[in-house]
Amino acid sequence: MSISLEQVQRVAHLARIAINESEALATQSSLNGIFTLIEQMQAVDTTGVEPMAHAQDVAQRLREDAVSEADRRAAFQAVAPEAEAGLYLVPKVIE
């Protein structure tokens, strides 16, 4: 797959990017290089290869999911200008 100069200019127009002829040619060349690389990668036979979550086999150290702070919601809502049913009431901004 390759991209034409007209397609590059159309995408630039849709993205509202001012692009001159030399920039469009350079962008076309770069995009065609990327498309060539993608075609090469898609041609590789990956049968039997398991997907990886990370390029290196690393393990994350996870901590225990435990509560570390006391519940202070009641104290915070006591000083709030307006609160009702555990929610903060704020003035309507958008009509």
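Ordering T46, A18, P91 by the projection of their Cα atoms onto the charge dipole of the chain, which places +1 on the Cβ of Lys and Arg and -1 on the Cβ of Asp and Glu, puts P91 at the extreme positive end. With the convex hull drawn around the C-alpha atoms of the chain, the volume per residue stands at 328 Å³. Placing pseudo-labels 7 Å out from each Cα toward the beta carbon at E69 and A85 gives an inter-label distance of 2.6 nm. Compared with the alpha-carbon gap, the fully stretched path from H54 to Q42 is longer by 2.4 nm at 0.36 nm per residue. When each of the peptides 89-95, 16-22 is scored by how many other beta carbons lie within 10 Å of its residues on average, the order from highest to lowest is 16-22, 89-95.
No lab work stands behind these numbers, since they all come straight from the coordinates. The shown structure was predicted, so the numbers you read here are calculated from the model rather than taken from an experiment. So basically every Cβ, Gly included, is an ideal-geometry build from the backbone, and we count neighbours across all protein chains shown.
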